Amino acid sequence: MNDIISNKKVVTRNDFLSIQELSELSLKARKLLYFTIANCKMNDKKFLIYEVNTEELTKILNVEERSVYNTVKKIAKELARFLICYEDDIKEECDYIPMFSRANYKRGKMVLKINDDMKPYFLELKKNFTQAHLIDFVKMRSTYSMAVWHIFQREMHGTYPMINQEIRFKLTLEELRQVTGTQKKFKQIGEFKTRVLDQAIKEISENCLSDIEYKNIK
């Protein structure tokens, strides 16, 4: 697995992390989305067509080879329907843009191409962007963990703490609910912490070389 994901980073504009539709993706679709983003180069002028073979898919998605076709067929359909909403509340406008211009599986390969309209989120970024390690996301078993770690990495500037080093930052409950898509779920703070935040932090601590603690600030 290290051959296809080592040293690769998921580089996105910061506001991509809080897009509502992102939190609605399934775990496997989100991993494949991040894998595709990580294969983009920041200085690219346009998106290329990316091909992922069956062996790579089994490692990224943690599925057996015999079930790859049925799994990827569902993911391709999900990604092909994945829309981003550019919303302007002042003008009362909402423009839906498809994330992918191509998402299919044929001849043992997943073929993906990000829509060129998404360039402002991923290409030629000069400021206000996050670089997170792809390998961390591939290990995860929950979309909540992926979302929480991604926003943590934004605050940590894409780094891991050194030995005996602390990295401190503040996040609002509203931000955490936004990235996890739980604005209308687990409304009690205790339930949110138990069902979302604590579980995410436990998995992050196990997989991302970081011991994480938090405290509430009213």
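The values are calculated or read from the model by the stated rules, or taken from the named source; none is laboratory data. What you are looking at is a predicted structure, and each value in this text was computed from that prediction instead of being measured. Cβ placement follows ideal geometry from the backbone for every residue including glycine, while neighbour counts extend to all protein chains displayed. Just the protein is used for accessible areas: all its heavy atoms, side chains included, with ligands, DNA and RNA removed. Shrake-Rupley method; radii C 1.70, N 1.55, O 1.52, S 1.80 Å.
Quick look at the values:
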{"read-out": "Low-density loop positions, chymotrypsin sites (Phe, Trp or Tyr not before Pro), the range 107-206 - DSSP coil, at most 12 other Cβ in 10 Å", "value": "169"}
{"read-out": "Percent carbon-and-sulfur accessible area, the range 110-204, ignoring ligands, DNA and RNA, probe 1.4 Å", "value": "49"}
{"read-out": "Largest-first ordering by accessible area, 1.4 Å probe, given options 15, 211", "value": "211, 15"}
{"read-out": "Whichever lysines have a C-alpha closer than 21 Å to that of residue 9, once near sequence neighbours (fewer than 8 apart) are set aside", "value": "28, 31, 41, 45, 46, 59, 113, 119, 126, 127, 139"}
{"read-out": "Length-normalised contact order for the chain - Cα pairs under 8 Å, 6+ apart - percent", "value": "26"}
{"read-out": "Net +/- balance of residues flanking residue 161 in space, Cβ distance below 13 Å, scoring K and R +1, D and E -1", "value": "-3"}
{"read-out": "Å² per residue, accessible surface of the chain at 1.4 Å", "value": "59"}
{"read-out": "Helix-only mean residue ellipticity at 222 nm for the chain, each DSSP H run of n ≥ 4 adding -39500 (n - 2.57), per residue, nearest 500", "value": "-10000 deg cm²/dmol"}
{"read-out": "Coarse-grained scattering of the range 1-77 at q = 0.19, 0.20, 0.21 Å⁻¹, given as base-10 log I(q)/I(0) from a Debye sum over alpha-carbon atoms", "value": "-0.93, -1.01, -1.10"}
{"read-out": "Top of 181, 108, 190 by mean-square fluctuation, Gaussian network on the chain, Cα under 10 Å", "value": "190"}
{"read-out": "Counted charge near residue 13, where neighbours are those whose Cβ lies closer than 13 Å (Asp, Glu -1; Lys, Arg +1)", "value": "+2"}
{"read-out": "Sites matching GluC sites (Glu not before Pro) across the range 173-218 that sit in DSSP coil, with at most 12 neighbouring C-beta atoms within 10 Å", "value": "213"}
{"read-out": "Only Lys, Arg (+1) and Asp, Glu (-1) charged, at Cβ; the range 80-150 dipole about Cα centre in debye", "value": "800"}
{"read-out": "Degrees between helix 68-80 axis and first principal axis of the chain (Cα, 0 to 90, nearest 10)", "value": "70"}
{"read-out": "Among 87, 166, 64, residue whose mean-square fluctuation peaks in a GNM of the chain (springs only between Cα atoms under 10 Å)", "value": "87"}
